[in-house]
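Heads up, the thing below is written out as structure tokens.
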């Protein structure tokens, strides 16, 4: 749940006299840009959102201030909050009918408590922070390239969904965006087998995941291509990795299955569980696990290869690395249910065990100092609970 009790939520909804028992039918929206809202502001019949209670609710977000927002800023942009919130609700299957260009209204009072908090107190504040970073990046000039947002988040915490929604919100706000995961830069299955053979007896490099199991050049070349993409230029292919291949061992997807994007871009979302980790040195690594020094040595190349591309950072902080076990199990269960292979429960435990030394060695440094290339005003840290809701 999002932290609000059921009783508190019911009381809030009862006080919100503008909240309908069911959403009214959708009315076509003007072109989905902020400027169009200034020219053609939507009426209250379409946005039952236009209640001070909804603004009050958003203002309770524990990350609002960190995102550079306050209640006044929310109140000044209610139509946009309503429009973008409705879009996310539709994409998450919380509302029916309409279309991405004209989604049915979804004010907080019409949604389940956890969903309302997820959209209006979690996703949207982060998006507005990201958009602010894009605007600041453009004002600096920065050679005309996109803002690259590095996103560090533990496996299974919901970062894939978050990134997907940020991508969609960017598009709905007139920003050209592309998203890539460091998972898509894993070595091929054959290369991973060779890495394991070269490090026989080291369980941390036997399977994909840790530093050393990625194709750094593939990632570097992809990020460089995205940063330099121009209108009318060659589309940029985005590598993809099939985690379900070979019974869950995974393999890089065939190039013909890779999507592509056209330039120029405003935003690149780069996410990964170990993105921004700083090496601790062989001795400190060995104190955590005798197998970690090899991973630590490989990690020393990641800052220059990948982290250096990031202009701003978002860190999703879990209460404990132990959460990864349960989160990963849920993801693999979903893969199996969808008929896409996936790991068994025993394989999930074995797989996650191989990540724990890295979390133990590099997690404290990430929390204390931030990602490798983070700078003041360019870092947002969001804490979540074991159920993936915001830590209140």
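Below is a table of values for the structure above.
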item: Any hit, the stretch 298-308, residues being surrounded by fewer than 21 Cβ atoms within 10 Å (Cβ to Cβ), assigned to a loop (DSSP other than H, G, I, E, B), in contact with a strand residue (DSSP E or B) (Cβ under 6 Å, 6 or more places away or on another chain) and touching a residue at least 24 places away in the same chain (Cβ under 8 Å); result: no
item: Residues (in contact with a helix residue (DSSP H, G or I) (Cβ under 6 Å, 6 or more places away or on another chain) and either buried (at least 22 other Cβ atoms within 10 Å of the Cβ) or without any contact (Cβ under 8 Å) to a residue 24 or more places away in the chain (or both)) located in the stretch 166-177; result: 166, 169, 177
item: Any hit, the stretch 371-388, residues being crowded, with 21+ Cβ neighbours inside 10 Å, more than 25 Å from residue 61 (Cα to Cα), at pLDDT 95 or above and more than 21 Å from the chain's Cα centre (by Cα); result: no
item: Options 85, 97; residue that is in a loop (DSSP other than H, G, I, E, B), over 30 Å from residue 364 (Cβ atoms) and either within 20 Å of the chain's Cα centre (by Cα) or not assigned by TED's automatic domain parsing to the domain that holds residue 355 (or both); result: 97
item: Residue satisfying condition, being in contact (Cβ under 8 Å) with a residue 40 or more places away in the chain and outside the structural domain of residue 364 (by TED's automatic domain parsing), within set 132, 156; result: 132
item: Any chance residue 339 is in a loop (DSSP other than H, G, I, E, B) and over 21 Å from the mean Cα position of the chain (by Cα); result: yes
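Residues are listed down the side, and each one gets a yes or a no for (1) touching a residue at least 60 places away in the same chain (Cβ under 8 Å); (2) assigned by TED's automatic domain parsing to the domain that holds residue 301; (3) farther than 30 Å from residue 289 by Cβ; (4) surrounded by fewer than 16 Cβ atoms within 10 Å (Cβ to Cβ):
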{"site": "194", "(1), (2), (3), (4)": "no, yes, no, yes"}
{"site": "208", "(1), (2), (3), (4)": "no, yes, no, no"}
{"site": "213", "(1), (2), (3), (4)": "no, yes, no, no"}
{"site": "234", "(1), (2), (3), (4)": "no, yes, yes, yes"}
{"site": "242", "(1), (2), (3), (4)": "no, yes, no, no"}
{"site": "260", "(1), (2), (3), (4)": "no, yes, yes, yes"}
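The values are calculated or read from the model by the stated rules, or taken from the named source; none is laboratory data. Just so we're clear, the structure is a prediction, and the values are computed from it rather than from any experiment. Note that we place each Cβ from the backbone using ideal geometry, even for glycine, and neighbour counts take in every protein chain shown.
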